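> Can you keep this structure in mind? I'll have questions shortly.
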Amino acid sequence: MTPFIERRSFLRAGAIGIAGLGITGLVPASARTGSTGLVPTLPTLSGEDIHLRIANTPFTVGGRTGHAVTMNGVLPAPLIRLREGQNVRLHVENTLDEDSSIHWHGLLVPFQMDGVPGLSFPGIKPRSTFVYDFPLLQSGTYWYHSHSGLQEQQGHYGPIVIDPAEPDPIAYDREHVIVLSDWTFLHPHALITKLKAEGGYFNRQKQTLFGMMKGGPEEEMSASDRAMWAQMRMDPTDISDVTAVTYTYLINGHGPQENWTGLFRPGERVRLRFINAATMTIFNIRIPGLPMTVVSADGQNVRPVTVDEFQIGNAETYDAIIEPAEDKAFTLVAESIDRSGMASATLASRMGMTAPIPPLRPRPTLTMKDMGMGGMDHGSMAGMDHSAMGHGAMAAGADAVTADHGGMDHSGMDHGGSHSMGGMNMRDKSLVPDSVKVGVGVDAIAMAPVDRTGDPGLGLEDVGHKVLTYRDLMSLTPNPDTRPPQRTVEVHLTGNMERFMWSFDGEKFSEGVEPIRFERNERARVTLINDTMMTHPIHLHGHFFELVNGHTGSYPRKHTVNVLPGGKVSFDLTADAPGDWAFHCHLLLHMHAGMFRVVTVRPLDGDAA
């Protein structure tokens, strides 16, 4: 495909041409309601020496004020705008009474500059300054955030844009940086306390008899499906751990009623740089009446693909081009994956314009595929006798099983309580993968997980318009390493949803789990198997990997991947960055609960090949 011809008539005189200007404004993001897209209206930092100050700051949204942890007094933190090939020194002062840090998410930096306390550096002590110093080896849309405690939930995050050294293959006239996040007035430790006491504490969309009788969303499920879920003591509406019951969803630090507005002129090509900086929320993005052409994923250019909607996992970034032809307003909708709430903003030709805000769509429910039975059936579980399965069918804590049930004979099910199917004992520990430590922290093992890179995301299968899938993505340039993988590494995403326990391979990081080890420049295929019924965005520090999606040689290069419930995802990795790197779920509370590993690339010294 021929790359776009670059146009700079507006943008180069504005937002991109700011090198050396330093900070352009310190008005809090909550007081800024609009952006022209021609000059930076987010507080913006650039140049070779940048100063950031971490501090406690009041933050107001929806008429209420709470406590935030900010950088330079704003939420989100200032936009850092740099250029590929330059060297940057970032002086970070911590004024808090606790340790802090900054991780440069998606940037290829020496591991000592990666910003993970206890792994790549000691952290930034209270009332001290740490200087990050590294060259910029790439271009694209990225972000930065704390990797200390739960500060990210309190507002410690901001956007990064690195302009390419060579002419940009993506043509656009103006741009808007769109930082998505979730805000709660609860202290983040209170969130964990409530979730540990009751896994579904924030879920107000559970099935009820009253809802079924009045024809609510519960009516979408058959009686047999509802009975099956009840027998297994599982909740088909358990989509998000934390919901709009406590969250306000933000766009550039603004709640829905504050109507952040991005301007355009009819006929322009407008680049929207989406960054999901949310702590616990996966968003579905759409602009009713206006298609989006996705041109970049995780900062890496992809072949343009036009869609009406896409799902963006925590820590992912997508760049999209829109071409509004009319002198009118459009609503930018960021609906939470569980559809309990949304963030919204306006794209318009003039300030003060608004467009209708669509209502929340009916909440989605989990299916057999989300239970890891995708190899059995792709629709409802109706017609399958689950009365003998109980919670043990998914290996409730005690035992688990992986098997292909495509030709399973249900007549052989033992209804006496031994939980066998077709002569197979569902409590046979010998059938559990050796890599998975089965215990109270594992309440499920996917029986027949399938590759779900062709799926649009939970609840988006039948929306009636084009939704982006990972299989739509192709790198704009050929993959740099054409070697086949030398070995396969399999990692299971495990947890106990009711007890809010999360892990890799059944082991929490605090249990002293061994690192995943690679030799330097080793080529390996990593397969992630999601044994839970929740979507997990998984992030590897220090590397890009190639997502295996059917486009051999043009796999999209990413640093974060959404692994759908009961599904599996593979990526090819060239372990070319020596050091110890974090590998974790980017749902912050899941990482905090134990879904974290260390990836070690050796040797650290010598072997410059």
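The values are calculated or read from the model by the stated rules, or taken from the named source; none is laboratory data. None of these values were measured; they are calculated from a predicted model. Using ideal geometry, Cβ is built from the backbone for each residue, glycine included, and neighbour counts are taken over all protein chains shown. Heavy atoms of the whole protein, side chains included, go into the accessibility calculation; ligands, DNA and RNA do not. Shrake-Rupley method; radii C 1.70, N 1.55, O 1.52, S 1.80 Å.
> What residues qualify as long-range amide H neighbours of R83, i.e. H under 5 Å apart, gap of 5 or more or another chain, H built at 1.01 Å from N?
Result for R83 returns D163.
> Work out from phi, with θ = phi - 60° and the Karplus expression 6.51 cos²θ - 1.76 cosθ + 1.60, the ³J(HN,Hα) of each residue of segment 470-475, listed in order in whole Hz, and give x for Gly and Pro.
4, 5, 6, 8, 9, 4
> Out of all Cα-Cα pairs in segment 275-326, roughly what percent, to the nearest whole number, are more than 17 Å apart? Before the final figure, lay out each step's value.
Numbers: 489 of 1326 pairs.
When every Cα pair of segment 275-326 is considered, 37 percent fall beyond 17 Å.
> So what's Rg/Rh here for segment 24-183, counting alpha carbon atoms and using the Kirkwood radius for Rh? Let's see the in-between values first.
On the way: Rg = 15.6 Å, Rh = 16.3 Å.
That ratio is 0.96, to two decimals.
> Measure off, as a whole percent, the carbon and sulfur share of the 1.4 Å-probe accessible area of segment 555-601, all protein chains present. Please report the intermediate quantities before stating the final value.
Numbers: 320 of 700 Å².
Carbon with sulfur: 45 percent of the solvent-accessible area.
> Distance from the Cα centre of segment 310-364 to that of segment 106-162, in angstrom?
29 Å
> Spelling out what I want: for every residue of segment 182-198, take phi, set θ = phi - 60°, compute 6.51 cos²θ - 1.76 cosθ + 1.60 (Karplus), and round to whole Hz; glycine and proline get x.
Values per residue, Gly and Pro as x: 10, 10, 9, 7, 6, 5, x, 5, 5, 4, 5, 4, 5, 6, 5, 6, 7 Hz.
> Per residue, what accessible area does segment 430-586 have, given a 1.4 Å probe and all protein chains present, in Å²? Please list the in-between numbers first.
Details: 5290 Å² over 157 residues.
Per residue, segment 430-586 has 34 Å² of solvent-accessible surface.
> Calculated FRET efficiency, Q86 and Q112, Cβ-Cβ r, R0 22 Å, to nearest 0.05? Intermediate results must be reported in sequence, preceding the final value.
Details: r = 19 Å, r/R0 = 0.88.
The formula returns an efficiency of 0.70 here.
> Starting from the 7 Å offset along Cα-to-Cβ, what nm value, one decimal, do you get for the label separation of A171 and H51?
4.3 nm
> What does the charge count near A524 come to, summing +1 for each Lys or Arg and -1 for each Asp or Glu among other residues with Cβ under 13 Å from its Cβ?
Details: positive: R483, R487, R517, R520, R523, R525; negative: D481, E490, E519, E522, E546, D572, D576.
Within the 13 Å Cβ shell, the charges total -1.
> Which net charge results for the neighbourhood of R273, defined as the other residues with beta-carbon distances under 14 angstrom from its beta-carbon, given Lys and Arg at +1 and Asp and Glu at -1?
Values: positive: R81, R174, R269, R271; negative: D163, D168, E175, D298, E316, D319.
Neighbourhood net charge equals -2.
> Can you tell me how much longer the chain between Q138 and N521 gets when fully stretched, taken as 0.36 nm per residue apart minus their C-alpha distance, in nm with one decimal? Show your work: numbers first, answer last.
Working: separation 383, 0.36 × 383 = 137.88 nm, distance 1.92 nm.
This chain segment gains 136.0 nm when fully extended.
> When the Kirkwood hydrodynamic radius is evaluated over all pairs of different C-alpha atoms of segment 475-567, what value in angstrom, to one decimal, is obtained?
On the way: mean 1/r = 0.0674 Å⁻¹.
One over the average 1/r among Cα pairs gives 14.8 Å for segment 475-567.
> Run through all the Cα pairs of segment 40-84 and give the fraction in each 5 Å bin from 0, expressed as whole percent.
P(r) over segment 40-84, rounded to whole percents: 5, 21, 24, 21, 15, 8, 4, 2, 0.
> What does the charge add up to near N94, with Lys and Arg as +1, Asp and Glu as -1, over the other residues with Cβ less than 10 Å from its Cβ?
Values: positive: R53, K125, R127; negative: E93, D97, E98, D99.
Net charge around N94: -1.
> Further question: Can you compute 3J(HN,Hα) from phi for each residue in segment 433-442, using the Karplus curve 6.51 cos²θ - 1.76 cosθ + 1.60 with θ = phi - 60°, rounded to whole Hz and x for Gly and Pro?
In residue order, the calculated couplings are x, 4, 6, 9, 8, 8, x, 5, x, 10 Hz.
> Let me ask you something else. Quick one: which residues, 5 or more positions from Y144 or on another chain, have an amide H under 5 Å from its amide H? H modelled 1.01 Å from N in the peptide plane, none for Pro or chain starts.
H105, G158, I160
> Right, next: Could you list which residues have their amide H under 5 Å from that of L96, counting only those 5 or more apart in sequence or on another chain, with H placed in the peptide plane?
R127
> Let me ask something additional. Highest first, please rank the peptides 530-543, 118-131, 574-587 by the mean number of other Cβ atoms sitting within 10 Å of their residues. Mind showing how you got there, number by number?
Working: 530-543: 24.8, 118-131: 15.6, 574-587: 22.4.
Highest to lowest by the protection proxy: 530-543, 574-587, 118-131.
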